[in-house]
Amino acid sequence: KKKEKKMFLLFSSLLAFYHLPLYSTEKLKCEEISKHDALLIVDVQNCFMEKVLLPVDKSPEYPIPPQYLENTPQGTFLKGGSLGVSKSSQIIDIIHLWIHLFNSKSASIFLSADWHPENHCSFCRNGTKQSNPDGYLPQGGICGPLGKKSDVDLSDRCIDVNSIQDYNRGSLMQWPDHCVQGTFGARFHPFLRVPKNATVLKKGFLRQYDSYSTTASVLSPSWPEWDDNESAEVLAEQPAFSVLLAKKDIRRLFVVGLATDYCVRLSSLDAAAQRFGDVIMVHSASRAVSEEGCSSSITELVKSGVKVSKDSSVSPYEVLSEICSSPSSSSFFQQEEKRIYNIHYLQDCLYCHVLLTIGFLMILAIFVKTFFFTNSSGKKYQ
């Protein structure tokens, strides 16, 4: 009886220890960046950047063609883009802080880029007709808001879901030529230090489809080399951003870039709608086309469950501290952290898992032999 009792206790103890990794006490701390976090840098491209004085103490990441430079008595300026966002140059150094933090933690970094063909439907000169007295700008420009009740011929407008909704609401906007494939305007800002291990995404590469949101973007297979000739046919075969997030098991997405009231807003809203985890829009590392648009966008983001940090929180640590100090801001994260590590603990300790499995099987064999093949006197059952 004593032998049986000891064997039963040993078996029970090992069984409990065997399942211990499934209930690991290891926790993912809210204020720390981990492999389950991702940084999304939205459309920091030359066409969206303001005119800025070239820094004397920094070198560009690639040669700047002379036609995009302007020499003045105050110094040499990099010309603004066709859709330059005011104060956009201010976010470059802030984004570098986030890049440095995520790289130091081996966390994922994504960068999105508009990649439009020359005849893209979002360009004002392509989406309207010359016969329109007020809606045709042959050199490009901003047209809108437009819609069903407009006198403008919009037969060549974009036919993606968001554009159709804007058209029906009478809020469709069309823009100057921007981020045309293979041009300087489509490249990332020359003073944005893009890590080689980052994942570059491209969007809006089909003529009749526009995409403010990064959820419609796909992997750029040429990176870490920038390919001016990357075709729509090649991109159409690449995995989408949502697939990449799922593959990396991302649970928090930090969104920065341009512009708060357009691509940053819709990228954040769509990411939140996918319910893969927390979405945080970093206010200090984003800039809007207009103050009114910024204010209304933040209101919409908050109502949709996106966490928006204060503009005064500049460093990543300030943002993390702010977001994590609010119970409502980190509730989902706190609920998910144990489940995440339940799944990944065994992967991180495969060697321990193998040893426990072998030990468990050995004790199980002894246990079965003791209880089912011998009686209390040591004789085998017939």
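The values are calculated or read from the model by the stated rules, or taken from the named source; none is laboratory data. This is a predicted model, so every value here is computed, not measured. No Cβ is skipped: glycine too gets one built from the backbone with ideal geometry, and neighbour counts run over all protein chains shown. The area values use the complete protein model at the heavy-atom level, side chains included, leaving out ligands, DNA and RNA. Shrake-Rupley method; radii C 1.70, N 1.55, O 1.52, S 1.80 Å.
Using 0.36 nm per residue, how much length does the chain from Val56 to Gln208 gain when fully extended, once their Cα-Cα distance is taken away?
Gain on stretching Val56 to Gln208: 50.5 nm.
Cα centroids of segment 34-75 and segment 291-327: how far apart, whole angstrom?
Here the two parts' Cα centres lie 25 Å apart.
Give the long-range amide H neighbours of His283: residues separated by 5 or more places, or on another chain, with amide H under 5 Å away, using H modelled in the peptide plane at 1.01 Å from N.
Under 5 Å from the amide H of His283: Ser309.
In whole Hz, with x marking every Gly and Pro, tabulate ³J(HN,Hα) for segment 211-226 from phi via Karplus 6.51 cos²θ - 1.76 cosθ + 1.60, θ = phi - 60°.
Computed from phi, the couplings for segment 211-226 are 7, 6, 7, 6, 4, 8, 7, 10, 5, 8, x, 7, 5, x, 9, 8 Hz.
Could you derive backbone 3J(HN,Hα) for segment 64-80 from the dihedral phi with the Karplus parameters 6.51, -1.76 and 1.60 (θ = phi - 60°), listing whole Hz in sequence and x where the residue is Gly or Pro?
Per-residue couplings from phi come out as 9, x, x, 5, 9, 10, 10, 8, 9, x, 7, x, 9, 10, 8, 5, x Hz.
Which trypsin sites (Lys or Arg not before Pro) does segment 235-334 hold that lie in a coil by DSSP with at most 15 other beta carbons within 10 Å?
On the way: sites: Lys247, Lys248, Arg251, Arg252, Arg265, Arg275, Arg287, Lys303, Lys307, Lys310; in loops: Lys248, Arg251, Arg275, Lys310.
Answer by residue number: Arg275, Lys310.
For segment 233-297, which GluC sites (Glu not before Pro) are both in a DSSP coil and crowded by at most 15 other Cβ atoms within 10 Å?
Glu237
Based on alpha-carbon positions alone, could you give the equivalent ellipsoid semi-axes of segment 169-265 from the gyration tensor, as √(5λ), descending, whole Å?
Numbers: eigenvalues 86, 67, 48 Å².
Semi-axis lengths for segment 169-265 are 21, 18, 16 Å.
Take the cross-link list Lys87/Lys303; Lys35/Lys248; Lys35/Lys87; Lys35/Lys196 and give me the ones stretching past 20 Å between alpha-carbons.
As for pairs spanning more than 20 Å Cα to Cα, those are Lys87/Lys303; Lys35/Lys87.
Around Ser312, with a cut-off of 13 angstrom between Cβ atoms, what is the net charge of the other residues, counting Lys and Arg +1 and Asp and Glu -1?
The answer is -2.
For segment 177-332, what is one quarter of the convex hull surface built on the Cα atoms, given in nm²?
10.0
Please list, by residue number, everything in segment 85-112 whose backbone N is under 18 Å from a paramagnetic label point 7 Å out along Cα→Cβ of Gln74.
Zone members listed by number: 85-91.
Let a ≥ b ≥ c be the square roots of the eigenvalues of the Cα gyration tensor of segment 201-249; is it rounded (a/c under 1.5), or, if not, prolate (a/b larger than b/c) or oblate?
Here segment 201-249 falls in the oblate category.
What net charge do the residues around Ser171 carry, taking every other residue with its C-beta under 13 Å from that of Ser171, with Lys and Arg at +1 and Asp and Glu at -1?
+2
Whose amide H sits under 5 Å from the amide H of Trp175, counting only residues 5 or more places off or on another chain, with H placed in the peptide plane?
Phe123, Cys124, Cys143
Using the Karplus curve 6.51 cos²θ - 1.76 cosθ + 1.60 with θ = phi - 60°, what ³J(HN,Hα) values do you get for each residue of segment 314-319, in whole Hz, with x for Gly and Pro?
Rounded to whole hertz, the list is 8, 6, x, 5, 5, 5.
Going Cα to Cα from Lys148, which aspartates and glutamates come in below 17 Å? Please leave out same-chain ones fewer than 8 positions away.
Within the straight-line limit of under 17 Å, Lys148 reaches these aspartates and glutamates: Asp134, Asp156, Asp160, Asp166.
For segment 209-274 and segment 151-193, write down the distance between their C-alpha centroids in whole Å.
16
Show the residues, 5+ positions off or on another chain, whose built amide H is closer than 5 Å to the amide H of Phe110.
Placed amide hydrogens put Leu39, Leu40, Ile41, Thr199 under 5 Å from Phe110.
I'd like the accessible area for Ser325: 1.4 Å probe, protein heavy atoms, all chains in place, Å² to the nearest 10.
Solvent-accessible area, nearest 10 Å²: 90 Å².
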